[in-house]
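K.L.:
The structure under discussion is supplied below as structure tokens; questions concerning it will follow.
The values are calculated or read from the model by the stated rules, or taken from the named source; none is laboratory data. It should be emphasised that the depicted structure is a prediction, and the values quoted were computed from it without experimental measurement. Positions of Cβ are backbone-derived with ideal geometry, glycine not excepted, and every protein chain shown enters the neighbour counts. For accessibility, only protein heavy atoms count, side chains too; no ligands or nucleic acids. Shrake-Rupley method; radii C 1.70, N 1.55, O 1.52, S 1.80 Å.
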Amino acid sequence: MTAEFWDNIHQTKQHDVSWWQDSASLWVDLFDHCTTKMTDGIIDVGAGASLFIDEAAKRGYWPLFVNDLSITALNEIKERFKNSEIAVQIRPSDICDLTLELPVGLWHDRAVFHFLTSSEQQNAYKKSVLRNTTSDANIILATFAPSGPEACSGLNVKQWSAEQLAEFFAPDFTLVFSDERVHVTPWQSEQKFSVVVLKRVPRG
Ligand SMILES: C[S@@+](CC[C@H](N)C(=O)[O-])C[C@H]1O[C@@H](n2cnc3c(N)ncnc32)[C@H](O)[C@@H]1O
């Protein structure tokens, strides 16, 4: 879907969106399964206006990058960091087209990969992960589970189990941690997610 589509959602709905997590409900425990150096940096892809990158900053990750198709969402994050000593760098683009100046040690994606429903898009995404991460990076991925929603924002999604995610990213990544999680939307409905933490396998 286009940048205009997503920017319109962020402009009109702001935080009144099904995926919103307040700071108390962020899945920050997933940081504990990651072993790459915090000084190798982090990118939150399809970040929206999520508070996740703020938590990464508090833990000492640097440099901090956020990507999204929506410039409105990215500008909201930038504004939050305006008076902080820590800079956040915004990278508006389709996630499949992203090329960072330097690869990062941690890639975080909550509820973005599942919008890529064709194998062509999924393969382009994997290439972007490989292009933009260090040789020992971790990736955190959260997608709708097989028993989760079939669509979001009017768009069909591809539901994934943790096993399917691990299989798709093998042999370049191995599974470190997996979980099924329930996200409670701001209007109290439940959505099941598959969550994985993967570790990149260095190539000799
Ligand atoms: C369901 S929201 C999740 C936002 C955030 N990750 C969170 O958990 O709060 C999906 C986000 O992905 C962005 N998005 C959708 N397709 C994208 C793509 N191909 N490349 C980059 N961002 C994309 C949307 O603008 C939106 O902010």
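K.L.:
Criterion first (over 23 Å from Trp6 (Cβ atoms), touching a Pro at 6+ places or on another chain (Cβ under 8 Å), open to solvent by 10 Å² or more (accessible area, probe 1.4 Å) and not polar (S, T, N, Q)) does Val201 satisfy it?
P.N.:
Yes.
Yes/no per residue for (1) within 19 Å of Thr36 (Cα to Cα); (2) among the charged types (D, E, K, R):
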{"residue": "Leu130", "(1), (2)": "yes, no"}
{"residue": "Asn138", "(1), (2)": "yes, no"}
{"residue": "Ser161", "(1), (2)": "no, no"}
{"residue": "Val184", "(1), (2)": "no, no"}
{"residue": "Trp187", "(1), (2)": "no, no"}
{"residue": "Arg200", "(1), (2)": "yes, yes"}
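K.L.:
What number of residues within region 95-119 satisfy the criterion of being surrounded by 17 or more Cβ atoms within 10 Å (Cβ to Cβ), more than 18 Å from Leu165 (Cα to Cα) and of a type in the set (Val, Ile, Thr)?
P.N.:
Counting residues in region 95-119 that are surrounded by 17 or more Cβ atoms within 10 Å (Cβ to Cβ), more than 18 Å from Leu165 (Cα to Cα) and of a type in the set (Val, Ile, Thr) gives 1.
K.L.:
Next question, about the same structure. Are there any strands (runs of 3 or more DSSP E) wholly within region 9-96 with 2 or more residues that are of a type outside the set (D, E, K, R), near the ligand (Cβ under 7 Å from one of its atoms) and within 13 Å of the chain's Cα centre (by Cα), and if so which?
P.N.:
It comes to none.
K.L.:
With the structure loaded, tell me whether Thr2 is of a type in the set (Ser, Thr, Tyr), under 14 Å from Ser70 (Cβ atoms) and within 11 Å of the ligand (Cβ to nearest atom) or whether it fails that test.
P.N.:
It is true that Thr2 is of a type in the set (Ser, Thr, Tyr), under 14 Å from Ser70 (Cβ atoms) and within 11 Å of the ligand (Cβ to nearest atom).
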